1. Where the centre of each part is set by its Cα atoms, how far does region 275-340 sit from region 239-271, in angstrom?
2. In the structure displayed, which of 246/276; 94/321; 216/276; 216/321; 216/345; 193/276 lie more than 22 Å apart, Cα to Cα?
3. Hey, any idea what Rg/Rh is for the chain, computing Rh the Kirkwood way over Cα pairs?
4. Which listed residue (135, 148, 95) has the Cα farthest towards the positive end of the charge dipole for region 74-157, taking +1 on Lys and Arg C-beta and -1 on Asp and Glu C-beta about the Cα centre?
5. By counting other Cβ atoms within 10 Å of each Cβ, how are 15, 152, 138, 24 ranked from fewest to most?
6. Mind pulling the per residue volume of the convex hull built on the Cα atoms of region 271-339? Å³ is fine.
7. By counting other Cβ atoms within 10 Å of each Cβ, how are 312, 1, 130, 118 ranked from fewest to most?
8. Dipole size in debye (nearest 20) for the chain around its Cα centre, Lys and Arg Cβ +1, Asp and Glu Cβ -1?
Amino acid sequence: MVRMGEQTLKGRNRHRFERAVLAHLNWRFEQFSRIRLEASYGRLYIHLNGESYEDIADQLSRTFGIFSFSPVSRCELSLEAIRETALQLMNSLKIKPTSFKVSVRRVNKNFPYDSQVMNNLVGGYILQAMDSLEVNVHSPEVELRIEIREQHAYIFCEVVPGLGGYPIGTNGKAIVMLSGGIDSPVAGWLALKQGLDLEAIHFHSFPYTSERAQQKVTELAQQLSIYTQEIILHMVPFSDIQIRLKELGNETLLITLMRRAMLRISSELGQRRACKAIITGDSLGQVASQTLPSMTVIDQAAGIPILRPLIMMDKKEIVSKARMIGTFPISIQPYEDCCTLFVPKSPSTNPNPSVIDRLEQQAAWLEDSINEAINNTVSVTINERMTRESDSYF
């Protein structure tokens, strides 16, 4: 039994969200030929038909839009069938409890016994059959749950939390600026959780950075892709722009100029790919380019909105989330990205907008270099099975 998440509160849009979850699960379950999906109001039932519960649970645990799920036993709508099925479930528990309680939810109001009466009728029956068991309504070792619905009763003890959030793609599409660090993959994951379909963009400085640095970013995208069907990763050559920006001679503003050029490229590629926003891993005050004055100046170069899921999180929170989603071990691999390679000793935390405008006006070559970087971008399609193919998108 799969319980839907926030989308069940969306009124007339509820069916759109539920269809999105169902479509995503149909893709996830392609390899499980025997299962059957059955949708109901606010619920999805997966008939295993001999497939492994552990394998199915693993797929459910990676799917956004699911509030929780439970392995359940189903029986017909009669007191006798419910009692017997409940007793079988209690006897099948690997660790035998010493205390329990029964919680009945009667969705089908035509069923002749209300929830409180059913609690007593089922609980009493189990107590008679299992001598060592007692009732504890406040802190039971096992809570036996029964849902009485229109066609069947569903009986279970375990409730597994899901990822929650919204089904991927139901809130639009965005492009995440994916570096090789800890923060940006977490920002991408949080964007997926909020229902955004994602593509990723990475700026590399080959040959000044190694091919292994690009492989590291590919592995990060692959780790994110286990939560979605696939991620298209756009690899942008950025070293020529960096070198020429450095030659302008104002080292304290180099990071600001670089970030503005990156946003121009991300905006252009994103719009060509129907992305409505740019996702970044910025956290307020964490580095020089992430102070409020710096972000204000940098954002002016963007052609589409910028979303910052991590903006009010501290590093400890971000690292904890990175460990949870499996990107942390990849992010800490010692391969530099383009920003760490060219970072100045004392970057400005309060860049002057008029000085930035003057420097960019001096760089008459900048627009052509940006277009050249876009034209030389290599795009790769990545899914959780690491199937990859190069495509020409631009």
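1. 17
2. On the way: 246/276 31 Å; 94/321 32 Å; 216/276 27 Å; 216/321 19 Å; 216/345 26 Å; 193/276 17 Å.
Table pairs above 22 Å Cα-Cα are 246/276; 94/321; 216/276; 216/345.
3. Working: Rg = 26.7 Å, Rh = 24.0 Å.
Looking at the chain, the ratio lands at 1.11.
4. In region 74-157, that residue is 148.
5. Working: 15 13, 152 17, 138 6, 24 21.
Going from least to most buried by this count: 138, 15, 152, 24.
6. On the way: hull volume 9.1 nm³, N = 69.
It comes to 131 Å³ per residue, whole-number rounded.
7. Values: 312 9, 1 19, 130 15, 118 23.
So the ranking, lowest neighbour count to highest, is 312, 130, 1, 118.
8. Values: 42 positive and 43 negative charges, 165 e Å.
Here the size comes out at about 800 debye.
Bear in mind these aren't lab numbers, they're just calculated from the coordinates by the rules spelled out. These numbers were taken from a predicted model, which means no experiment stands behind them. Cβ sites come from the backbone with ideal geometry, for glycine too, and all protein chains shown count toward neighbours.
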